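Let me begin by presenting the structure, written as structure tokens, before commenting on it.
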Amino acid sequence: MITRRLLLGATTALAMMTTGAIAQDKMYVPLISKGFQHQFWQAVKAGADKAAAEFNVEVTFEGPETEAQVDKQIEMLTTALSKKPAAIGFAALDSQAAIPLLRKAKEAGIPVVAFDSGVDSDIPVATAATSNVAAAALAANKMSEIIGGSGKVAVIAHDQTSRTGIDRTEGFVNEIKAKHPGIQIVAVEVGGGDHLKSAEITKTLLAANPDLKGLFATNEGGAIGMVQGVQEAKAKVTIIGYDSGKAQKDAIRSGLMAGAITQNPVGIGYETVKAAVAAAKGQSVAKDIDTGFFWYDSSNIDKPEIAAVLYD
Amino acid sequence: MSLTKLKPSGSTLQKALAFGSLIALVLIFSFLSENFRTLSNMINILQATSVIGVLAVSATIVIITGGIDLSVGTAMTFTAVTAGMLLTWLGLPIPLGVIGAILMGALTGLASGFFITKMRIPPFIATLGMMLVLKGLSLIFTGTKPIYFNDSPGFTEIASGSLVGLLVPAFPLPNGVLILFAVAAIVGWILNRTALGRYTYAVGSNEEATRLSGVNIDAWKMGIYALAGAVTGVAGILIASRLNSAQPALGQGYELEAIAAVVIGGTSLTGGRGTILGTIIGALIMSVLTNGLRILSVAPEWQIVATGFIIIGAVYADMLRKKT
């Protein structure tokens, strides 16, 4: 605990020093993300940097190491607020946990733009996010189309507590239940986005259900593990993934994966900063900014409008 | 007291107990599901054990000395990244990448050993520090992007190919499993038949007595940590080969699975007692349990609960045995 307090103290001290260093005429907009290691977040950051250059504002981007570290993210938000930014971008890991801090931001007159997933509160002036429920429902419809409307399918979710984990899983499962009665969902497993674990889960699912026809992964790590597991089991199964990354793109080109849903991560980063700047200037912004999603497969993966939103 | 007599003290019963639990679990799951008892699923279980099994062997070596190594998970990732840099970035041939990764593993172990012996930092803290250092370095060196092995065809064969399958097509046992068994046999031999092994047990039983009998504890301990690190390097090669990539963000959390396998296998966390065979059985128990519960479609939340209770139960059984 001592080390943690020291660390916190050091970060706050550092934060105070850097605040002084930032030129006063440039608007400062920190983005607190859910992570930074995954390529998805790097793409969001790229979009934010693009907007920063365009609107001539100072943007910082940080996030905890794993999507379970709600406490770390709260610390980051606290530090960011203490720097008195012009506006703040926030992708909540746990929207309830952050509400007291967001209220403080509101009292201090700092507009908050939620990104990637919404916050259950009316404090954010705007939310720039993918509709994960609609995107996963599209995956369900594509699955049904490819496997011919009947058979067993399974889902490997990246987690069962975050908004995206819940929305993508439920979006897929509910769409299947509502519109495709011939399809039976035999399992919803949790792979934590870990490639190796997702590969093992896939092989177990195939062993438990030799007649499995389809698999849906709710994020990149899960999808790559799924491809590996199906390959090792030498099974013939329709795989639908989520997001992109080089391994997933390769799997779609080679036909191992039927296709995937891609969000528009660059767009999420860009729209967040754009809305934050507008709000800081007192202009009105749209409450819900749908940054969009696309289905991509081997037929359209190289088309410019798709290639632009995919990342390696 | 002659050091040569310091052998793993009577762990036969513990091994029998652990082995009995393993067989019982396999029988129960086989009875409950016909999909569990297939040859291909048994091969799946063995393959799922390969990476964690090798890591657990590494953890066993350190735990026998009475220490702990929390860095095995991220050290594994770091050695995988090393292999990626050597093979994909520098274009070296596969054997050099493998040797480089193992050497890098030994080097990280040596560093931990140095912190523990020369700087007197407790193993828990030294390896906790190393865990973070290596995790950070993996992310820095790769720029947080995975390194792929597409330019080294044949690299995936190390873990996923099957020499056995070439000879007996009906039994495609992946090479990763053979490597696990080979590593276990070599480390088992080192622990039982060499001076390094004898000192590993001696340090764990009574470090002060060993020091007073004139043994250069620091040097041997650094050697022990280096050996454990080299074994971690093998795990790094296995996971990189399996995933055809070095994933810089993976690895944290694997150390706890490895340590769980070690204690289920009857190695005492207080040191001086434990065997590699026990650890392999412990790792297999974990894999069988995970696989079986999934095949039975037990909810993921309950799978975690069940695994927790198995760890507690296994260690409790071990303590009961020690009392009698």
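Just so you know, all these numbers are worked out from the coordinates, no wet-lab data involved. These numbers come from a predicted model, not from an experiment. Reconstructed Cβ throughout: ideal geometry from the backbone, glycine too, with neighbour counts over all protein chains shown.
Observations on the model:
- Once the Cβ-Cβ distance of A:Glu107 and B:Leu27 is raised to the sixth power relative to R0 = 60 Å, the FRET efficiency obtained is 0.40.
- Aspartates and glutamates with Cα under 12 Å of A:Lys34, excluding same-chain neighbours fewer than 8 positions away: A:Glu62, A:Glu65, A:Glu67, A:Asp71, A:Asp94, A:Asp116
- For chain A, the relative contact order comes to 20 percent (Cα pairs under 8 Å, sequence separation of at least 6).
- Annotated for chain B: lysine pairs at least 8 residues apart or interchain, Cα distance under 28 Å, count 17.
- Residues of the range A:80-95 with an amide N closer than 20 Å to a point placed 7 Å from the Cα of A:Glu58 along the Cα-to-Cβ direction: A:80-90.
- For A:Ala187, the residues 5 or more places off, or on other chains, whose built amide H falls under 5 Å of its own are A:Val155.
- Rounded to 0.05, the FRET efficiency of the B:Thr307 and B:Leu178 pair, given R0 = 30 Å and the Cβ-Cβ distance, is 0.65.
- Altogether, the Stokes-Einstein calculation at 20 °C and 1.002 mPa s, with the Kirkwood radius of the range A:70-130 over Cα pairs as Rh, returns a diffusion coefficient of 190 µm²/s.
- Average partner coverage of A:195-201, which counts Cβ from other chains inside 10 Å: 6
- Shape call, the protein assembly as shown: gyration tensor on alpha carbons, a/c limit 1.5: oblate
- Converting phi to 3J(HN,Hα) with the Karplus coefficients 6.51, -1.76 and 1.60 and the offset θ = phi - 60°, the range A:244-259 yields 10, x, 4, 4, 5, 5, 4, 5, 6, 5, 7, x, 5, 10, 5, x Hz in sequence order, with x at every glycine or proline.
- Between helix A:265-280 and chain A: long-axis angle, C-alpha atoms, 0 to 90°, nearest 10: 30
- The mean count of C-beta atoms from other chains within 10 Å of the C-beta of residues in B:247-255, rounded to a whole number, is 4.
- Degrees separating the helix A:132-147 axis from the principal Cα axis of chain A, which is the longest one: 20
- Comparing B:Ala80, B:Ala240, B:Ala314 in a Gaussian network model of chain B where C-alpha atoms under 10 Å apart are linked, the largest mean-square fluctuation is found at B:Ala314.
- Extension gain from B:Val298 to B:Met319, taking 0.36 nm per residue of separation minus the Cα-Cα distance: 4.6 nm
- Look at the dipole of chain B built from charges on Cβ: of B:Leu284, B:Ala48, B:Ile295, the Cα furthest out on the positive end belongs to B:Leu284.
- Given charges at beta-carbon only (K, R positive; D, E negative), |dipole| of chain A in Debye: 140
- For the range B:27-40, 3J(HN,Hα) computed residue by residue from phi via the Karplus equation (6.51, -1.76, 1.60; θ = phi - 60°) reads 5, 4, 5, 5, 5, 7, 9, 6, 6, 6, 8, 8, 4, 5 Hz, glycine and proline entered as x.
- Shape analysis of the range A:132-263 places it in the rounded category; the axes a ≥ b ≥ c from the Cα gyration tensor give an a/c below 1.5.
- Centre separation in Å (Cα based) which lies between the range A:96-150 and the range B:105-163: 36
- Shape of the range A:218-304 from the C-alpha gyration tensor: prolate (a/c of 1.5 or more and a/b above b/c, with a ≥ b ≥ c the square roots of its eigenvalues).
- One chain, two ends: A:Asp120 and A:Ser150. Fully extended at 0.36 nm per residue, the span grows by 7.1 nm beyond their Cα-Cα distance.
- Using θ = phi - 60° in the Karplus curve 6.51 cos²θ - 1.76 cosθ + 1.60, the 3J(HN,Hα) couplings for the range A:160-177 round to 10, 10, 7, 4, 5, x, 5, 4, 5, 5, 5, x, 6, 4, 5, 5, 4, 4 Hz; x is entered for Gly and Pro.
- With respect to chain A, whose longest principal axis is taken over its alpha-carbon atoms, helix A:95-107 is tilted by about 30°.
- Taken residue by residue and averaged, Cβ atoms of other chains lying within 10 Å of the Cβ of B:41-49 number 4.
- Reach of A:Lys104 by Cα under 19 Å, taken over lysines that are not fewer than 8 positions away in the same chain: A:Lys72, A:Lys83, A:Lys84
- Shown is the FRET efficiency for B:Ile99 and A:Ala134, computed with R0 = 51 Å from the Cβ-Cβ distance and rounded to the nearest 0.05: 0.50.
- Gap separating the Cα centres of the range B:76-93 and the range B:223-255, nearest whole Å: 12
- Reachable lysines from A:Lys142, criterion Cα separation under 16 angstrom, eight or more residues apart if same chain: A:Lys152, A:Lys177, A:Lys179, A:Lys213
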